[in-house]
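What follows is a short report on a single structure.
Where a number appears in this text, it was derived from the coordinates with a stated rule and is not lab data. Keep in mind that what you see is a predicted model, and the values were worked out from it rather than measured. Don't worry about glycine lacking a Cβ; one is built from the backbone with ideal geometry, like all the others, and counts go over all protein chains shown.
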Amino acid sequence: MSDVQTRLGHFIRLGLLLAFAACITVATPVMTFAAPYAAMVIDARTGKVLHSRNADTQLHPASLTKMMTLYIVFEAIKHGEISLDTVVTISANAAAEPPSKLGLRSGQRIKLRYLIRAAAVKSANDAATALGEAISGSEAAFAQRMTRTARALGMSRTTFKNAHGLTRAGHLSTARDMTTLGRHLLYDHPDYYNLFSRRSTDAGVRNVSNTNRRFLNAYRGADGIKTGYTSAAGFNLVASAERGSERIITTVFGGHSTASRNAKVAELMDLGFRRAPTTASLTRPRIPAYAGRGAVATPAGTGRTIRLVTAVRTSPRPTPRPTPSLMADVAEPAPDLLAAIETGVETVLESAALAEPVETIAVASLAPTAPSRPPHRPSTAEEEVASTIIAAAESTPVYSPEDDVLEIVTRISTSGGRHYGVTVGKYGSQFEAERILLKTALNELATLGDALRRAQNLSDGWHANFVGMTQASAELACRRLQARNTTCTVITPTS
């Protein structure tokens, strides 16, 4: 019995060891994917494809959708449709969105900047819907704009049905299209790109953590962009990383888990950095034409350009002196005359900039009053400039040879006339008006950088004006200023 018991004990111990070994699993990432799987890797600097697999297969993008939601919001801010400080009232529709969400309540008021942070970092569905409704009035209208913008960006196989990416019939995209969108976010709106690398941020009602923080922490050089998950889509990710002068964008659709997806993206990133050249010329993607709310189209043939012919190019023969009332018989031009010339130039230019242009205005000629040139008088060039300026300023004929008529000419142009402007208020002193002009120009360099600043003294005070603008640039400047609660009115040629 002793041998039998001993052998039985050995068998029992062996069985227990085998059972324990069968329960042990190795903690390594499992490279399995929810079918189907798709991927794309590009050199972000050039857009060149370095790797692709099923890149044009239409799949569920999940929360990668929010990349387009945010792209349109950034575009709307840039063009003055809305501002970061716009207060948005949350609708019942937005508040009812399922998680992931910020927890917004119907009727709650919150600044746009916090909705942007929540959508970009937390991937909050209620924030994404609220953004769409704030821009387009309804989520359905916003989804249509999303699809139009996708086509303008070259995303030919993408259709959006909502602003957040929860599964819906017909809401589809591809790895190639989402990679394209990621590149446009990076280069079209660089001022906002830092949002996607924040590990956490203040979303107004609370701090939120980044859904992509594991990859951002694990992969060297990673700085974005967006995760996505639904049961139908699997685990998706559009990621970007920069090392030295190289930048790679990688997209994966259909991951089986966060860990396996991140491991695959890291593998493809490494492949991209190996294949990308060390140096390459940056070729930015083409920014699509703005077609949002308030966009101004300039019909062909409506713009007009003013060309003032005031410079004397030739002096074919001496001309008699003008009438004594216009030119003093002295060796040098009188100071009063020079001041009159300067004033006349300003008067002509200001009138031309603000008045409705005419097709042709000719400066008429008078018969000469003296047959020869006296010994003491200004030069021929001075005479002709003075004659032209005074004639234009006073609208009275002044001597000029019949065969040497000067003209102020306007012509029709498709480029748009620069005879519009904007006024940003009226003030009690020239100093205050000029101070406001400088401050406004510094805050709005994008649209006012090329405009002329002018403090104009009128009966009701000093008007702070920007002039020398096209109609489109003047209206865009006002929209952007008004979005920041700055008073602005467009000055038209008939104002």
For K426, the lysines lying under 24 Å Cα to Cα, once residues fewer than eight places off in the same chain are dropped, come out as K439
Under the rule rounded for a/c under 1.5, else prolate if a/b exceeds b/c, else oblate, using alpha carbon gyration tensor axes a ≥ b ≥ c, region 420-491 is classed as prolate
Among 42-51, 69-78, 248-257, 193-202, how do they line up by average Cβ neighbours within 10 Å per residue, starting with the highest? 248-257, 69-78, 42-51, 193-202
Over 19 Å between C-alpha atoms is what I'm after, so list which of K226/K264; K122/K264; K101/K264 land there. K122/K264; K101/K264
